[in-house]
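Down below is the structure, laid out as structure tokens.
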Amino acid sequence: MIFFKRIFSLIIPVIFFACPSFSQTATLTGVIQDSVSKPLFGASVAVFGKPFATTTNEKGKYTLSIPANQRLKIVFSYTGLHTDSVFLNLAPGETKEINKTMKGRIAEIREVKIEEQSLKTSNITRINPKNVAVIPTPNQSVEDLLKTLPGVSSANELSSTYSVRGGNFDENLVYVNDVEVYRPFLIRSGQQEGLSFINPDMVSSIHFSAGGFDAVYGDKMSSVLDIRYRKPKKFSGAASASLLGQSLELEGISTNKKFSFISGVRQKSNQYLLNTFETKGEYKPSFTDVQFLGTFDATKKLEFEIFGNYSHNRYNLVPQDRETNFGTLNDAKRFTVFFEGQELDRYDAFTGAVSTTYRPKEKLKLKLIASAFTTSEQENFDILGQYFLDQLETDFGKSNFGDVTFNLGVGSFLNHARNKLNASVYSAEHKGEWIGDKSLCQWGVKVQHELIDDKLNEWYYNDSSGFSIPSGRDTLNPQIILNDVVNSKTTLSSNRYSGYLQNTWLISDTSKITFTTGIRATYWDLDRQMVISPRVSATYKPRNKKNMSYRLAAGFYYQPPFYRELRNLDGVINKNVKAQQSIHFVLGNDYTFLALGREFKLTTELFYKILNDLVPYKADNLRLRYLGENSAKGFARGIDFRLFGEFVPGLESWASISILETQEDLTNDFFYVRRNAAGDTIIPGYTADQIAVDSNRVEPGYIPRPADQRVNFGLFFQDYLPKNPTYKMQLSLLFGTGLPFGPPGNDRYKDVLRTPPYKRVDIGFSKQIVGEGVKHAPNSRFLRKFESIWVSLEVFNLLQVSNVSSYIWVTDISNARQYAVPNYLTGRQLNVRLNLKF
């Protein structure tokens with residue numbers, strides 16, 4: 001409650017900023033209609049940058065009082081139609097009539113342009129890419145914006161990974177211009193990850209589905225993110241610089257309009273942010289990527305496209321010491337570590353694609369895509385930690401409150417890894433579309449070759465407090481016991497074949513009913529499994545309730561294993577792992593209503609997922625360690641809400657809340673309990689022949705999945721000063737209840753503890769120096785060459801909340817207890833950012 005009180009104390013004064021009063025006004029009136037002269041009910045008429053707005057009635061008429069003797073920008077908008085605007089300056093008492101005809105927005109169905117009354121289903125959320133450039137987060141990425149959407153959760157601000165409705169990040173599909181995107185495989189933590197693949201400066205559209213997506217998308221169980229990069233119409237560019245990195249984007253088109261290009265270079269070093277970690281040391285992260293997209297229109301029917309991405313990532317760490325306080329008010333402890341050694345990680349990846357699009361007829365599109373992905377990853381570290389575990393004084397009345405009262409023990413640990421992985425994925429794909437009068441047919445086939453070559457050698461040695469290894473109890477057979485040992489060398493070469501066929505029908509023009517059926521088929525020659533995924537969806541917009549729409553989606557979603565799912569905790573590859581299965585049921589509703597003189601939309605979705613043939617895994621920060629077998633079944637169910645609209649005129653904001661439950665039941669995860677005078681003693685892994693007769697077998701049954709985050713709340717809010725809209729504020733708020741975790745080992749049934757809730761607020765304040773709306777622009781001839789210049793001050797982790805990313809486990813043999821010491825994420829930090837467009 002204290003957390004939310006702090007949030008509302010910050011938000012409420014901004015939202016309800018006092019509006020100025022004007023003694024002299026003028027009147028604006030008129031009629032707004034669509035392209036066929038039908039009046040539009042609920043169209044918005046607003047004064048840009050001022051708290052004056054209204055909406056049209058059922059006859060399309062409106063009346064609006066506006067300030068006189070001022071040059072104002074009047075904005076006319078309606079959902080699904082192009083926004084229009086005019087500038088005017090009226091005298092006191094003057095009445096002016098302005099009638100508007102709103103034109104239909106052109107939408108793209110896989111690059112074939114048709115009217116907005118399209119045959120695409122509504123099970124896709126469309127996101128304005130302009131919001132990515134202003135969200136005040138450390139990564140400022142598309143994924144950061146996704147994390148504020150319903151059904152999406154994340155508990156690590158340093159990473160671009162996200163969980164959707166109980167799945168992990170391996171279950172999310174990401175496309176850029178029809179090319180599937182892959183993440184690095186050896187990443188363990190957010191500070192190693194660096195840049196997201198998606199360059200936000202190059203993005204033209206963002207489409208996202210949290211479930212129930214169509215058969216045209218590939219074989220993953222949770223979600224799909226479909227990104228389209230921009231096709232330039234003129235020469236322009238953008239640049240940005242901050243304390244965390246720099247970026248440059250250039251785009252242009254030839255004089256004959258046949259060739260266009262867009263390219264971007266980014267460099268990031270989050271060293272400044274990592275200095276807020278409790279582990280002090282010498283951090284040297286460096287992340288760089290270069291992207292290029294070129295398009296050549298040979299004729300009106302034939303188009304060629306080439307895309308390339310190269311990323312060069314380095315992460316060096318020489319840790320020095322760490323001090324962490326943990327526990328409760330009545331039982332507080334301190335964990336102090338002194339380090340030796342270093343970590344050196346290298347990740348280099350290349351993605352390239354060439355495509356040809358041919359339109360022999362206006363309604364037919366044929367596309368060929370050839371793509372390649374290669375990655376070379378190395379992970380090397382030897383880090384020795386010598387630690388002290390101390391008890392702290394918790395009595396407020398004592399002078400030594402918060403100081404060490406006695407030592408619980410000392411110990412040491414040694415982390416070692418020499419891991420190397422090389423992977424390549426080559427694919428050839430054909431996609432086609434045919435647009436009928438009331439139907440849309442889509443099909444595709446794909447052949448993919450995968451080659452993976454890795455050599456893993458890692459282990460963890462723990463000399464815990466209270467004892468050392470070898471122990472005196474083992475004098476007859478002294479030995480050093482290593483934990484989490486993986487020593488393997490693997491080479492995998494395989495082929496995948498997939499295809500899909502989908503058709504969408506417009507059933508009724510008056511009520512606008514669309515119905516989509518599709519089917520996917522995939523075969524992988526490594527496990528020799530063929531999976532078939534039928535999917536169906538429907539949308540319904542009642543004729544007499546234009547502000548309501550309903551949608552229903554159901555289907556089978558198979559996810560064949562790729563690489564990590566095949567490897568168990570000991571590093572052994574199981575080539576017989578089959579595809580995981582998720583059966584989706586999604587029921588959704590969109591309700592559009594008028595408030596504050598503007599249009600808002602409330603989206604609600606109920607979902608239920610039946611999960612079969614799951615490959616269980618243990619999550620440690622960003623590292624997913626699979627058990628390497630299809631040994632579980634499960635479910636995910638919940639409800640999502642999202643309120644979207646212009647809380648202030650001209651700026652999009654939204655709030656979302658999600659309620660989720662996801663659990664799984666593993667086979668053969670039983671354990672035995674021996675009854676004795678001292679109480680119950682758990683004896684896992686024993687068979688009935690190995691224990692006493694008075695022992696009882698216990699089946700854990702359903703346990704929470706690692707991504708079982710019960711409640712999530714996300715907020716993205718924008719505001720500006722009414723008298724001067726060149727001053728803006730952006731706020732990102734995330735709240736998520738605790739995630740399951742447990743002690744090290746293979747026993748998933750022990751992972752029933754919960755981390756503290758994830759709570760984070762990032763806020764940014766920006767000022768426009770050059771651009772539209774700036775009254776007193778600089779007189780510099782150089783600055784006039786820029787389209788816009790913004791300067792921003794950002795505060796990360798505004799409330800200084802210590803969020804937990806993972807735990808290190810310390811065992812005190814003297815009292816047979818294990819302590820989970822939290823690894824905290826970043827603290828509060830300031831950032832200055834400069835954004836230029838030219």
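Values as computed for the structure displayed
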| quantity | calculated |
| --- | --- |
| Accessible area per residue, Å², the chain with all protein chains present, probe 1.4 Å | 45 |
| Inter-part distance where segment 38-69 and segment 271-309 are each reduced to a Cα centre, Å | 43 |
| Euclidean distance of C-alpha centroids, segment 355-401 and segment 311-338, integer Å | 19 |
| Degrees separating the helix 2-15 axis from the principal Cα axis of the chain, which is the longest one | 20 |
| Loop sites in segment 489-542: trypsin sites (Lys or Arg not before Pro), DSSP, at most 13 other Cβ within 10 Å | Arg528 |
| Loop trypsin sites (Lys or Arg not before Pro), segment 730-776, which have at most 13 other Cβ atoms in a 10 Å radius of their Cβ (DSSP) | Lys775 |
| Set of aspartates and glutamates near Lys512 by C-alpha distance (under 13 Å), chain-local residues within fewer than 8 positions excluded | Glu116 |
| Spin-label proximity, Asn696 to segment 749-779 - amide N less than 11 Å from point 7 Å beyond Cα toward beta carbon | none |
| Within straight-line cross-link reach of Lys220, aspartates and glutamates at Cα separation under 12 Å, skipping those fewer than 8 residues along the same chain | Asp170, Glu171, Glu180 |
| Hull shadow area, averaged, segment 539-581 [alpha-carbon convex hull, nm²] | 4.8 |
| Proximal aspartates and glutamates relative to Lys59, as straight alpha-carbon distance under 20 Å, when same-chain residues fewer than 8 apart are discounted | Asp34, Asp84, Glu97, Glu599 |
| Förster radius 22 Å - calculated FRET efficiency between Asn128 and Ser788, Cβ distance, rounded to 0.05 | 0.85 |
| Chymotrypsin sites (Phe, Trp or Tyr not before Pro) restricted to segment 218-273 and DSSP loop, no more than 14 other C-beta within 10 Å | Phe235 |
| The chain: proportion of alpha-carbon pairs further apart than 46 angstrom, % | 29 |
| Segment 387-467, accessible surface, carbon-and-sulfur percent (1.4 angstrom probe) | 57 |
| J(HN,Hα) series, segment 542-555, from Karplus relation 6.51 cos²θ - 1.76 cosθ + 1.60, nearest Hz, glycine and proline x | x, 5, 8, 9, 5, 8, 10, 8, 10, 8, 9, 9, 8, x |
| Relative contact order, percent, segment 208-263 [alpha-carbon distance under 8 Å, six or more residues apart] | 26 |
| Value of relative contact order over the chain, rounded to a whole percent, pairs C-alpha under 8 Å and six or more apart | 10 |
| Entries of Lys234/Lys367; Lys233/Lys837; Lys130/Lys785; Lys455/Lys750; Lys231/Lys728 with Cα pairs more than 19 Å apart | Lys234/Lys367; Lys130/Lys785; Lys455/Lys750; Lys231/Lys728 |
| Segment 128-223: projected area of the alpha-carbon convex hull, averaged over directions, in nm² | 6.2 |
| Options Gly281, Thr25, Leu384, ranked by Cα towards positive dipole end of the chain, top entry (Cβ charges) | Thr25 |
| Segment 311-365, relative contact order in percent, only Cα pairs under 8 angstrom and at least six apart counted | 39 |
| Most positive-pole-ward Cα, Tyr824, Tyr749, Phe796, against dipole of segment 747-838 from beta carbon charges | Phe796 |
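The values are calculated or read from the model by the stated rules, or taken from the named source; none is laboratory data. Just so you know, these numbers come straight off a predicted model, no measurement behind them. Cβ atoms come from the backbone with ideal geometry, glycine included; neighbour counts cover every protein chain shown. Remember, those area values only see protein heavy atoms, side chains included, never the ligands or the DNA or RNA. Shrake-Rupley method; radii C 1.70, N 1.55, O 1.52, S 1.80 Å.
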